[in-house]
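Down below is the structure, laid out as C-alpha cells.
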C-alpha cells in the first residue's frame, strides 16, 4: 500500500458529469484518494439521456492502461463502461499483466435512461475475460438477471443470482437491491455466506450515477486498506447520504452530491 492511496477507474466519460469517469474521480477525491483514469468511451450525455457514444480504439485504451499502471500504479482498480469485446480483451490483458488484485467490476450494461452501454457480443467477453479477475462484481438487479440468466426481484432470487454469478469466477458478488421495495438491501456473497447491507430507501429523483459512485467508493476503501466488507459498508453509507443530498441538474435525472460536508 502506497503512502498516498491511489485508485484507477477504467470507464467511459459522462459529459453531463454525474456518472462514469467524472463520478468516479469525484468519489475518489471525496475519500481522499488520488484518482487516475483510463477512458474507454466518450458519450454525448446529459440529464435526459445518452445522445451518442464514441468508443475509443482498443489499442489506445491499452496504451492508457500501460501508461498509468506502468508508472503511477494503483492500490485498487474499478471498471465501469467497457463497451466492446475488443476493449474488454485489451483491459483484461493489462490487468493480468500488472497483476491487479483489488479489482471492483461494475458490469455496466444500461444507462439510467435505458440507453444500452454494452454491446450484446461484449457480454460474453465480460464474463469470460473480466469476471474471473474481480475481487468483487457489483451488479444491480437487471445486471444480475442478465449475468445469472434468471429473473431477480426478491431477496431469495438475489441470493440465487449471486451463487450463479460467483460460479463465473469473481471472488465476491455484491448484488444491489436498489430497485426492490422496502429497504435498500444489498447482499455480499463470498461463495459460502451472505453479508447483508441495509439502508433506508430514499424516494428522490437525483439518482444518476449511483452505481458508478458506489463501486468507486468501494475501490477507494480498498485503496485505503479496508477489507472488502468494510469497504462495502462505508461505500453504502456514503452513497446513501449522497443520494439523500442529491440535487437537480438539467431537466432530467438529478445528480448525487459527491462532496459531503463532514465526510
*Looking only at region 249-263, which residues are under 12 Å from residue 213 (Cα atoms) and assigned to a loop (DSSP other than H, G, I, E, B)?*
256, 257, 258, 259
_Residues that are over 21 Å from residue 213 (Cβ atoms) and not in a helix (DSSP H, G or I), drawn from region 117-165_ = 119, 149, 150, 151, 152, 153, 154
_Anything in region 14-45 that is farther than 14 Å from residue 242 by Cα and part of a loop (DSSP other than H, G, I, E, B)? List them, or say none._
15, 16, 17, 32, 33
*asked:* Step by step: first the residues of region 193-204, then only those that are exposed (fewer than 14 other Cβ atoms within 10 Å of the Cβ) and out of contact with any helix residue (DSSP H, G or I) (no Cβ under 9 Å at 6 or more places or on another chain), then the one that is nearest to residue 140 (Cα to Cα). Which residue is that?
replied: 203
*State all residues of region 69-87 that are surrounded by fewer than 20 Cβ atoms within 10 Å (Cβ to Cβ) and within 21 Å of residue 220 (Cβ to Cβ); if no residue qualifies, say none.*
71, 72, 73
*Report the residue count in region 166-200 for those that are more than 22 Å from residue 103 (Cα to Cα) and outside any loop (DSSP other than H, G, I, E, B).*
4
*Considering (1) outside any strand (DSSP E or B); (2) surrounded by fewer than 20 Cβ atoms within 10 Å (Cβ to Cβ); (3) in contact with a strand residue (DSSP E or B) (Cβ under 9 Å, 6 or more places away or on another chain), say which one residue 61 fails and leave the rest.*
(2)
*Taking the condition within 13 Å of residue 105 (Cβ to Cβ) and modelled with pLDDT of 95 or more, does residue 188 pass?*
no
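Residue by residue, here is whether (1) modelled with pLDDT of 95 or more; (2) in contact with a helix residue (DSSP H, G or I) (Cβ under 9 Å, 6 or more places away or on another chain) holds:
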| position | (1), (2) |
| --- | --- |
| 78 | yes, yes |
| 83 | no, yes |
| 90 | yes, yes |
| 98 | yes, yes |
| 122 | no, yes |
| 142 | no, no |
| 153 | no, yes |
| 156 | yes, no |
| 164 | yes, yes |
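Rundown of residues vs (1) farther than 16 Å from residue 33 by Cα; (2) surrounded by fewer than 19 Cβ atoms within 10 Å (Cβ to Cβ); (3) more than 13 Å from the chain's Cα centre (by Cα), yes/no style:
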{"site": "172", "(1), (2), (3)": "yes, no, yes"}
{"site": "185", "(1), (2), (3)": "yes, yes, yes"}
{"site": "191", "(1), (2), (3)": "yes, yes, yes"}
{"site": "217", "(1), (2), (3)": "no, no, no"}
{"site": "221", "(1), (2), (3)": "no, no, yes"}
{"site": "229", "(1), (2), (3)": "yes, yes, yes"}
*Yes/no for residue 113 being outside any helix (DSSP H, G or I), at pLDDT below 95, on the phi < 0 side of the Ramachandran plot and over 15 Å from the mean Cα position of the chain (by Cα)*: yes
*Scan of region 201-248 for residues that are assigned to a loop (DSSP other than H, G, I, E, B) and in contact with a strand residue (DSSP E or B) (Cβ under 7 Å, 6 or more places away or on another chain), ordered by number*: 201, 206, 209, 246
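The values are calculated or read from the model by the stated rules, or taken from the named source; none is laboratory data. Computed from a predicted model, the values in this text were never measured in an experiment. Here the Cβ is made from the backbone with ideal geometry for all residues, glycine too, and neighbour counts use every protein chain on show.
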